[in-house]
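**Student:** Sharing a structure with you now.
The values are calculated or read from the model by the stated rules, or taken from the named source; none is laboratory data. Bear in mind that the values here come from a model prediction, so they are computed numbers and not experimental data. So basically every Cβ, Gly included, is an ideal-geometry build from the backbone, and we count neighbours across all protein chains shown.
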Amino acid sequence: MSASPVYLDAATAAPLHPVARQALLAALDDGWADPGRLYTQARRARQLLDAAREACAQTLGVRADELSFTPSGTTAAHSAVLGGLTGRRRVGAGLVHSAIEHSAVLHAAEKHVAAGGTATSVPVDRLGRLDLDRWAAAVRAPGVALAALIAASHEVGTLQPVAGAARECAEAGVPLCVDAAQVVGRAPVPAGWSVLTASAHKWGGP
């Protein structure tokens with residue numbers, strides 16, 4: 001008798017949850033029209049989209065108008081960093097991030113530097129845990145516009161001290177962008193963030 005296969009890569013993607021599958025199929029049947037239009041089918045699509053937005057916003061403890069849907073968690077993280085920097089360009093052009101961010105954040109940092117900005121990478125210890133003292137010094141440097149921190153490593157599983165990092169950012173007056181792709185849906189959402197990104201397919205969504 002062959003053994004049942006064991007899946008050990010949920011940090012990349014999780015199987016679609018049965019309830020999520022039901023909701024997705026219902027939306028495909030009933031919400032296929034352009035939600036930006038005004039005819040009957042479009043209004044139904046808008047109702048479904050707005051309901052999904054309200055449910056997600058309530059779960060995260062934010063207003064519905066503060067929540068945006070993107071094609072992927074990668075797109076969300078990349079856009080959040082670059083958008084956050086653009087919105088703070090009058091304050092400065094400095095970005096602070098940990099050394100083990102997702103490639104989406106690191107690529108955003110590279111693009112920012114290529115455009116004339118600066119990026120400071122804060123090291124981690126041998127377990128992948130952020131050096132909070134060096135983080136505190138980095139976010140207090142002149143001209144820092146944004147800080148970015150992954151809540152949990154998608155490669156080694158280390159949970160970062162987001163609360164401590166957020167306190168340092170708050171004291172320095174620097175917004176914190178948290179990549180929470182590995183914790184939303186699995187653990188309490190860390191507090192103290194200014195921008196939060198996540199990915200539904202990590203916990204059984206589409």
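**Student:** Is one or more of the residues making up region 19-36 assigned to a loop (DSSP other than H, G, I, E, B), of a type outside the set (Phe, Trp, Tyr) and without any contact (Cβ under 8 Å) to a residue 12 or more places away in the chain?
**Tutor:** Yes - at least one qualifying residue is present in region 19-36.
**Student:** Check region 58-65 and report whether any residue there is assigned to a helix (DSSP H, G or I), of a type in the set (Ser, Thr, Tyr), in the same structural domain as residue 123 (by TED's automatic domain parsing) and under 19 Å from residue 180 (Cβ atoms).
**Tutor:** No - not one qualifying residue is present in region 58-65.
**Student:** Can you pull out every residue in region 66-93 that is outside any helix (DSSP H, G or I), surrounded by fewer than 13 Cβ atoms within 10 Å (Cβ to Cβ) and not hydroxyl-bearing (Ser, Thr, Tyr)?
**Tutor:** 69, 71, 89, 90
**Student:** Could you say whether any residue in region 59-68 is in contact with a Ser or Thr (Cβ under 9 Å, 6 or more places away or on another chain) and either of a type in the set (Asp, Glu) or in contact (Cβ under 8 Å) with a residue 12 or more places away in the chain (or both)?
**Tutor:** No, region 59-68 contains no residue that is in contact with a Ser or Thr (Cβ under 9 Å, 6 or more places away or on another chain) and either of a type in the set (Asp, Glu) or in contact (Cβ under 8 Å) with a residue 12 or more places away in the chain (or both).
**Student:** Collect the residues in region 94-144 that are charged (D, E, K, R) and not in a helix (DSSP H, G or I), keeping them in residue-number order.
**Tutor:** Within region 94-144, 101, 125, 126, 129, 131, 140 meet the criteria.
**Student:** With respect to residue 106, is the statement that it is in the same structural domain as residue 163 (by TED's automatic domain parsing) and either in contact with a Pro (Cβ under 6 Å, 6 or more places away or on another chain) or surrounded by 15 or more Cβ atoms within 10 Å (Cβ to Cβ) (or both) true?
**Tutor:** Taking the combined requirement at face value, the residue satisfies it.
**Student:** Any residue in region 112-141 that is more than 18 Å from residue 93 (Cα to Cα) sitting within a Cβ distance under 9 Å of a residue that is among the basic types (Lys, Arg)? List the pairs, counting only those 6 or more apart or interchain.
**Tutor:** Close Cβ pairs satisfying both conditions: 123/134.
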